[in-house]
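All remarks here apply to the structure that follows.
The values are calculated or read from the model by the stated rules, or taken from the named source; none is laboratory data. Not measured: the values here are computed from a predicted model. We place every Cβ from the backbone using ideal geometry, glycine too, and count neighbours over all the protein chains shown.
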Amino acid sequence: MIKASCECGKVRFEFATGRKEITVCHCTQCRKTSGHLWAATRTEFADLRFTSKETLTWYTSSEWARRGFCSACGSSLFYQMKDETGVGIAAGCLDNPPDDFKIAKHIFTKDKGCYYDINDPVEILETY
Ligand SMILES: [Zn+2]
Ligand SMILES: [Zn+2]
């Protein structure tokens, strides 16, 4: 099982498999809510097994999506589109990321911050 938790540990969950291609989003919302970038794996929300979630809080960040975070420590944890059963899971909250999890794509680089460059030899999309 892949285990994940927020920084303070009040939100803990695990899941069997996730998308090994990590997507990094540079859009303004992701930069604001994460503090820099949103890097995520993905799985079905129904497949997440929570062992603790008392402080898991959802923020409606747009008409089409919500973001899950820990209200105690502020860790960004989830991104979920309204109409989708899948959920994006912050790569940074994984406690034991599998070895084959790698950044495979950068998206919305048109909105990226001016203070960094992207030098990954992977797919780079200005939007999605
Ligand atoms: Zn927390
Ligand atoms: Zn984004």
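Considering L48, L37, which residue is surrounded by 12 or more Cβ atoms within 10 Å (Cβ to Cβ) and closer than 14 Å to A4 by Cα?
None of the others qualify; the one that does is L48.
Taking the condition of being assigned to a strand (DSSP E or B), of a type outside the set (S, T, Y) and either at pLDDT below 95 or touching a helix residue (DSSP H, G or I) at 6+ places or on another chain (Cβ under 6 Å) (or both), how many residues in the range 69-114 meet it?
Going through the range 69-114 one residue at a time, the tally reaches 2.
Return the pairs, sorted by first residue and then second, in which the second residue is assigned to a helix (DSSP H, G or I) and of a type in the set (K, R), the first residue lies in the range 103-128 and is surrounded by fewer than 10 Cβ atoms within 10 Å (Cβ to Cβ), the beta carbons are less than 8 Å apart, and the residues are 6+ apart or on different chains.
T127/K110
Could you say whether any residue in the range 49-57 is assigned to a strand (DSSP E or B) and under 21 Å from T127 (Cβ atoms)?
So far as the range 49-57 goes, no, none of its residues is assigned to a strand (DSSP E or B) and under 21 Å from T127 (Cβ atoms).
Name the residue, out of T51, T43, that is within 16 Å of ligand 1 (Cβ to nearest atom), in contact with a strand residue (DSSP E or B) (Cβ under 6 Å, 6 or more places away or on another chain) and at pLDDT 95 or above.
Result of the check over T51, T43: T51.
Considering each residue of the range 18-35, count those that are away from ligand 2 (no atom under 15 Å from the Cβ) and hydrophobic (A, V, I, L, M, F, W, C), and give that number.
Of the residues in the range 18-35, 0 are away from ligand 2 (no atom under 15 Å from the Cβ) and hydrophobic (A, V, I, L, M, F, W, C).
Taking the range 36-72 on its own, how many of its residues are more than 12 Å from the chain's Cα centre (by Cα) and more than 16 Å from ligand 2 (Cβ to nearest atom)?
Qualifying residue count for the region: 18.
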